[in-house]
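Beneath this line is the structure, given in structure tokens, with notes to follow.
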Amino acid sequence: METRLLTCLQALVSLSLSPLPGRPLTRLCCPAPTKCSFSSHRRRIHSSLSPLDPRCSAVCRSDVFAAASCSTAASKRTLWFGFLFATGWGGDLAHTACSSPPSRLRISLSHRRTLVGSATVIGEENGVIPQANGSARVRLGATDVIVSIKAELGKPHPLQPDKGKVAIFIDCSPTAAPMFEGRGGEELSTELSFALQRCLLGGRSGAGAGIDLSSLVIVEGKVCWDLYIDGLVVSSDGNLLDALAAAIKVALSNTGIPKVTVNLGASPNDQPDVDVSDEEFLQFDTSGVPVVVTLTKVGRHYIVDATSEEESQMSSAVSISVNQHGHICGLTKRGGAGLDPSVILDMISVAKHVGEQLMSILDSEIAAAEASAEDQ
Amino acid sequence: MATNPSTYALSQSSESKQRLQQRRRLFQETDWTRSDGRSFHQCRPAFLRTGATNAASGSAYAEFGVTKVIVSVFGPRESKKAMMYSGTGRLNCNVSYTTFSTPVRGQGSDHKEYSSMLHKALEGAIILETFPKTTVDVFALVLESGGGDLPVIITCASLALADAGIMMYDLVASVSVSCFGRNLVIDPTSEEEACQDGALMITCMPARNEVTQLTLTGEWTTAKINEAMELCLDACSKLAEVVRSCLKEAASG
Amino acid sequence: MGAMTVDRADGRSANQLRPLACSRNILHRAHGSARWSQGDTIVLAAVYGPKAGTKKGENPEKASIEVIWKPKTGQIGKLEKEYEMILKRTLQSVCLMTIHPNTTTSIIVQVFGDDGALLPCAINASCAALVDAGIPLKHLAVAICCGLTEGGSVILDPTRAEEQKIQAFAYLVFPNSPLSVLPSAPSAEDDAPIENGIITSVTHGVMPVVEYFNCLERGRAACAKISEFHRRSLESQVPVVARKQTFEVLWWPHTLTAWPEFHGFACNLSEADVLTVACCCMDMPRT
Amino acid sequence: MEYVDSLTGFRLDGRRPTDMRQIRGEIGVVPKADGSALFEMGNTKVIAAIYGPREVQNKSQQVNNQALVRCEYSMANFSTGDRARRPKGDRRSTEISLVIRQTMEACILTHLMPRSQIDIFVQVLQADGGTRSACINAATLALADAGIPMCDIVTSCSAGYLSSTPLLDLNYIEDSAGGPDVTVGILAKMDKVTLLQMDAKLPLDIFENVMQLAIEGCKAIAQYIRGVLLENTKQLEYRKGV
Amino acid sequence: MAASSTSGSGRDIGGSGGGLAAGEMEVEAYRRLFPLPFYERHLLDSVRPDARPLHRARDTSIALGPVASADGSALVKIGDTTMLAAIKLEVMTPSADAPDEGSLAIEFHMPPICSPIVRPGRPAEVAPVISKQLSDVIVSSGMINLKELSLISGKAAWMAYLDIYCLNADGSLFDAALLSAISSFSHLQIPLVSLSDDGRVVAVPGDLLEDKSTPELVNKERKLLLHSIPFSLTCILHKKYILADPTAEEESIMETSITVVLDSSERLVSIYKPGGSVLAHTSTVKDCIVLTKHRMKELQNILEDSLSAMEVV
């Protein structure tokens, strides 16, 4: 069965057809039908990007679709927005792919529709989890993750007195897959947690951190915010890391950190009194938070946003986090098969390109969500 | 001794704390000398031996500066009963630390992150098809930690696997590089690791020119990644030579 | 040597054991069980098995023994782990391991009271429980604790308070003396009778070598008495009537304190039924 | 603390004593599962996913004449007000898992699926009292979504007794007041009680009232769940073009 | 036949290089298939498969100070059995009923690398038992005067964490562990400390000792005085044979073992015989004690040699 699936998948990929109905690898068409009504506002960008494969001189066309729709339910306003985009060679690829000479690699990318939901609970802050400081739910096809952010007062690490602390914990709910039952999800959970930490928190010295830790300090060496980022995988259909990273970015964008007033104690050794305001909140700057792009290698191709079916046949996958400057903030490799160093460098340049687009879409949608929240 | 009272390790007096601060500032400058006198692109001397534990199918001991590691390989042997049937072999990795491996006494527990990283680094190099239905266990114990622990564990594990006669595509060598401002420093010590801006670790099979594992933290430009990768790949192939000569020595001796 | 006069808190002489008691077949679900007490040290042992299969790591060509130690309170620690191992190895040497190959016999040892000489008491209880379960044995293992006081005299079966005070003590386990109708088989290895051999010896504290041999001698003599007791209690076995456990409902006059959860398997009750049951429970005299 | 305003008779969150919180059920929230549902009771929000009937994973647990029903209850780290890392398999979640398993097992026609296994996974996203009931209701919806044969639908609701008033559907504040909390599960159509839990003192006549109130709550939920299932079936019909 | 076999390694026959002659292969096969008769044939000739006489222990070596980050450490090898012990001192507040005494915490670890029996996450059954035995023996022998570990009566005292790691388990684990424990205690260098302003005990770096501004030292002694050091020997009892210092293979084939611990003044610290099918008669116990006395002399010499070697360096 497994080998059959593999050959089938490979056949499909080499024909540049996605095994999912309605999701070609290189050409756009309507997303797979879902329950949610999808009134789309469509942006089509035709631009000549530098070719992804330096040996191939074909013009790369980028199609970016973004869609947002608002539906107002009786008691709560639900806001959905989604995007889907693809990069690849123009033309009718289903045919050219077959006839084209076996180039080193063909890059065929298409994200599933991402639904980032921030349900607004009556008169409160945006967020799916009302008791958290910030939260978000991201759906990527059948993958569904929830991220909640909680800020608590803590003490800075003695070796880094001018920085706050961030902890990332990911949990895989058994609802997502029976194999996560009991302690079965632990391995994946810790792997995801570590990968996200690597991508978001920068080096040991704190350089290159996506979350500005020094903004979390209240009194140097005494009081700081401890940011707890809790992720929960509710439904899993591949590409968990990208979904979680996007959810963290969105959740951080609607995170309100309470304003504090500090009364310094009489002597410098005293623990200062901290007054936490429950009315005024400070917004978090999320422009520096990187996005994660996972490129999964199936056969000779690498694809973005692999479903679990596609992941089951992958030889290896590289997750690359890209920030707004186009710098690489973290990289992890999964899967056993080795990769040629030049392929990795090539993947990095593709990820940079995809990441830029993902970033701009996420940013604009966050802005739109904020704007509409303020309107309310 | 059921309830041990809470204890604390001796903290260094304030002078040495200042020294640490000084070092940290020093690392930000463009030119400084490393505490062990190496140049930026020079690795620590590597000492490798096979046959550390005779109860295992294969084992190896590695000493890179202060870092000391023992890896034992068991199997191929019967998989756990709960495991489902598998046509290919399984690889099971575990990394643990001794309580005295770090300057402050630790818990000496398993290191889950390193265990899974070791697994990922090795599985691509082992020909799992050669031992269907069975498991090869790779267990590592870090006797003393002095920086670059994971690369040392991975390299030592590949030597132990070769000692155990497990079929591999190629030997695996691993090297890490730290980034300080503009400088790239290869094979960092734990003191350097504590202050680094970013790190890149490569595990590769030099003869096949394949990267089996790559991790990166901190902010990097593509050009710098390029430079660091080249540096590491070069060091990996040299390290693999050392491993190879150690195996030859063991076979002839 | 002789028995020097030693002052013991409970007025015993140095050679005197605390009152022994043994009752068997007290748990009706276990295959064999025994409760053994030496003064206030009380241990209940239950035997389950032989069950099919052995654990990984055990020799499947032989029977395997598993010991689970349940302390009176709290979690199992290093001391209990050590006891488990000693008990397991001791019982292994007593059982005929080749009769039921590839089976596991579990012995659960529950401590009720610890007033010194806990391990010997547990060994005696487990042995009685093995007999009760009908597990084939070579002979019984009889255990005793010998203490060495600061003054250099040996006391038997010390209490907990004595154990803590004395300089050293030894837990010794001997086989019981066989009552054989056959003339004793010519022992190939040694001329010494089997009851002189030590099955298990565990010592605590520093003692001169001669004192250890002194302990051995005294322990051996005491073990002969204990094995006599063992034999008598086995012979006079009275079948114990197993009491059926009754369904208990917590109640307080006119108030339900706790409603034991019930989840309908076959008995989906109607609302009226529930109340009837509740009323019935409350009318029921408390037993 | 005053849990029921003596003047207006309203509860802390503005409900009347016999009011239930707003309930909402949604089918099919986990696309990969065989059946799934989300159930909300006010701020309490749970997801249930069903996997099965499928081959028994652990052969030693296989039952030859009926299906094996298993359940795991887990709480998200962020489900309560104070963030806490929850180790899996603590006493509370084991107990609730058992309660849910036994309750659902009673209504599933297990004898129709011998030698198979049905897994019920419930995940609490937000906990604001009555998680037990919400989980059972979610599990019922999810089982129906998975098409698992049941003799009836089980619904559950809790009721308590505070400030000398029987209160329906306690929220977290009322639940933690320490008063009696009666959780009832009923088979709606057969009108039978299948789950009853209480761990506090209560005089019998009051217990009767409180239980009656909880049963009324269950019936109301059953009404709602029937509606949700009906709507879902219509959708299915429509999609299949029947 | 006796000389033909190699040390008791558990490796595959095929893995040990194809150079074995056909006759030797048969011996190896016989050893694996019928281990007990194989051993009994050897015992008849009063020799063991590794060419040792029955009463001789394996070669023993002690290396002091292999762990730089510890205050005292030792690597002990008895045959192939390898133990790495290290002591780390930390500061604690002594308990009220013993205000001028420090404390010991002894832990014996069997990491998965040491033996095929141990798997990660499931510690070996014997590890806690040996831990317990070790701390019993070390505490009851009175080797260490806990008062020497006191710093400031009632305020601060040393807590000595002794962690022993078995790197290679090839029989007689307790003997090797005990030897590594006493070796690391004899290597222990107590750091010189002073009291800081906030009442914590801090280390005084070596280069500041001459400095006048350094606060007053709390302690002066850098070495512990070890009284009556315990030494042990494990023997296997099989029929009427006594095999000193068994390997793992011997332990697995012949199950009855007896461990005798004597201190340097030849008093008995422990006789440990947990069950076993062979009964120990008084004469056997006496023989074991005599063997232990011989072994103690050997071990004392080895320990002294390694200590003096260290001082020379």
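Coordinate-derived values only; no laboratory data. What you see is a predicted model, and the numbers here were worked out from it, not measured in a lab. Note that we place each Cβ from the backbone using ideal geometry, even for glycine, and neighbour counts take in every protein chain shown.
Database remark: amide H of E:Ser270 closer than 5 angstrom to the amide H of E:Val261 (H placed geometrically; neighbours at sequence offset of 5 or more, or on other chains; Pro and chain starts carry no H). Sorted fewest first by neighbouring Cβ atoms within 10 angstrom, B:Thr33, E:Thr292, B:Thr203 come out as B:Thr33, E:Thr292, B:Thr203. Taking E:Gln300, E:Gln189, E:Gln133 as the candidate residues, the one with maximal mean-square fluctuation in a Gaussian network model of chain E, Cα springs under 10 Å, is E:Gln300. With the charge dipole of chain E set up from +1 on Lys and Arg Cβ and -1 on Asp and Glu Cβ about the Cα centre, the Cα lying farthest toward the positive end among the listed residues E:Tyr39, E:Gly154, E:Thr82 is that of E:Tyr39.
Computed from backbone phi with θ = phi - 60° and the Karplus coefficients 6.51, -1.76 and 1.60, the 3J(HN,Hα) list for the range E:259-271 is 10, 10, 10, 10, 9, 5, 8, 6, 8, 8, 8, 7, 10 Hz; x is used for glycine and proline. Shielding value for D:195-204 is 6, the average number of Cβ atoms from other chains within 10 Å of each residue's Cβ.
When a/c is below 1.5 the answer is rounded, else prolate if a/b is larger than b/c, else oblate, so apply that to the range E:128-179 with a ≥ b ≥ c taken from the square roots of the Cα gyration tensor eigenvalues. Since a/c reaches 1.5 and a/b is larger than b/c, the shape of the range E:128-179 is classed as prolate.
Remark on D:Asp169: its backbone amide H falls under 5 Å from those of D:Ser158, D:Ala159, D:Gly160, a criterion applied only to residues 5 or more positions apart or on other chains, H modelled at 1.01 Å from N. Highest mean first, the peptides C:78-87, A:155-164 sorted by other C-beta atoms within 10 Å per residue fall in the order C:78-87, A:155-164.
Its residue count N fixes a reference of 2.2 N^0.38 Å for the range B:45-252, and the Cα radius of gyration divided by that reference is 1.00.
Along the range E:147-157 the Karplus relation, 6.51 cos²θ - 1.76 cosθ + 1.60 evaluated at θ = phi - 60°, assigns HN-Hα couplings of 5, 5, 8, 7, 10, 10, 3, x, 10, 8, 8 Hz to successive residues, with x for each Gly and Pro.
Mean partner shielding of peptide A:358-369, defined as the number of other chain Cβ atoms within 10 Å of each residue Cβ, is 0. Among the DSSP helices (H) of chain E, those spanning at least 18 angstrom by Cα along their long axis with an average Kyte-Doolittle hydropathy of -1.0 or more are E:126-141, E:173-187, E:282-312; this is a geometric and hydropathy rule only. The magnitude of the dipole of the range A:308-376, with charges of +1 and -1 set on the Cβ of Lys/Arg and Asp/Glu and taken from the Cα centre, is near 460 debye. Per residue of A:140-151, other chain Cβ atoms within 10 Å of the residue Cβ number 3 on average.
When B:Trp32, B:Trp220, E:Trp158 are sorted by how many other C-beta atoms sit within 10 angstrom of their C-beta, beginning with the fewest, the order is B:Trp32, B:Trp220, E:Trp158.
Taking each of A:Lys259/E:Lys155; A:Lys333/B:Lys68; D:Lys189/D:Lys240; C:Lys78/E:Lys88; A:Lys333/D:Lys45 in turn, the alpha-carbon distance tops 32 angstrom for A:Lys259/E:Lys155; A:Lys333/D:Lys45.
Averaging 1/r across all pairs of distinct Cα atoms in the range D:23-240 and inverting the result yields a Kirkwood radius of 17.7 Å. Here the residues D:Ser176, B:Ser237, A:Ser321, A:Ser193, ranked from fewest to most Cβ neighbours within 10 Å of their Cβ, fall in the order D:Ser176, B:Ser237, A:Ser193, A:Ser321. Amide H contacts under 5 Å for A:Arg334: A:Ala317, A:Val318, A:Ser319, restricted to partners 5 or more places along the chain or on a different chain, H placed in the peptide plane at 1.01 Å from N. Computed over neighbours whose Cβ is under 12 Å from that of C:Lys72, the net charge equals -3, Lys and Arg +1, Asp and Glu -1.
Principal axis extents of the Cα atoms in the range C:29-175, from largest to smallest and rounded to whole angstrom, are 51, 30, 27. For the residue pairs B:Lys80/E:Lys239; A:Lys297/B:Lys238; E:Lys240/E:Lys293; C:Lys81/C:Lys165; E:Lys147/E:Lys297; C:Lys88/E:Lys239, the C-alpha atoms sit more than 26 angstrom apart in B:Lys80/E:Lys239; A:Lys297/B:Lys238; E:Lys147/E:Lys297.
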